[in-house]
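A short reminder: the numbers here are calculations on the coordinates, not readings from a lab. From a predicted model like this one, the values you see are computed outputs, not experimental measurements. Note that we place each Cβ from the backbone using ideal geometry, even for glycine, and neighbour counts take in every protein chain shown.
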Amino acid sequence: MLMPKKVKFRKVQRGTMKGLAKGGREILYGTYALQAVEPAWVSAAQIEAIRVTVNRRLKKVGKLFLRIFPDKPITKKPAETRMGKGKGAPEFWVSVVKRERIIIEIEGLPEEEAKKVLKLASYKLPLKTRFVKRQQAI
């Protein structure tokens, strides 16, 4: 499971997901990509599910590039705990994905195959996505 080795603060505030992604909006490494259409938290387990699904389909032909990393701890209080008594312990890690953020990129496949593979990956995500391809510079 993905998680940071070390963080400055154990617990963080929830924050906001409005607006467009500040960076990571262009395809840098691959030929085809999956881009977020709406904002969401993507957990480490969901990222791992995408990685496994795509790698199974790519075999040794294509290459996968993950462009998000879960660096935000989400806390939960134990069940049947009264209010107060502070914030809960960190339970899992998420990546904050805003609109237009590139989530994964792939290369080494024809376009039709790439569309199928990325569609399978999109089923594992809690947000709407779109298929994008790299624009060739003229």
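Selection of segment 61-79 for residues being part of a loop (DSSP other than H, G, I, E, B) and over 28 Å from Glu100 (Cβ atoms) yields Val61, Lys77, Pro78, Ala79.
The set of residues in segment 24-81 being within 24 Å of Lys8 (Cβ to Cβ), surrounded by 16 or more Cβ atoms within 10 Å (Cβ to Cβ) and touching an Asp or Glu at 6+ places or on another chain (Cβ under 7 Å) consists of Arg67, Ile74.
The lone criterion from (1) touching a Leu at 6+ places or on another chain (Cβ under 8 Å); (2) not in a strand (DSSP E or B) left unmet by Leu34 is number (2). Considering each residue of segment 82-89 in turn, none proves to be surrounded by fewer than 16 Cβ atoms within 10 Å (Cβ to Cβ) and either under 18 Å from the mean Cα position of the chain (by Cα) or of a type in the set (Asp, Glu) (or both).
Just checking, does segment 3-19 include any residue being in a strand (DSSP E or B) and either closer than 23 Å to Arg130 by Cα or touching a residue at least 60 places away in the same chain (Cβ under 8 Å) (or both)? Within segment 3-19, not a single residue is in a strand (DSSP E or B) and either closer than 23 Å to Arg130 by Cα or touching a residue at least 60 places away in the same chain (Cβ under 8 Å) (or both).
Taking segment 70-94 as the range and being under 17 Å from Gln46 (Cα atoms) and of a type outside the set (Asp, Glu) as the test, the residues that pass are Pro70, Lys72, Pro73, Ile74, Phe92, Trp93, Val94.
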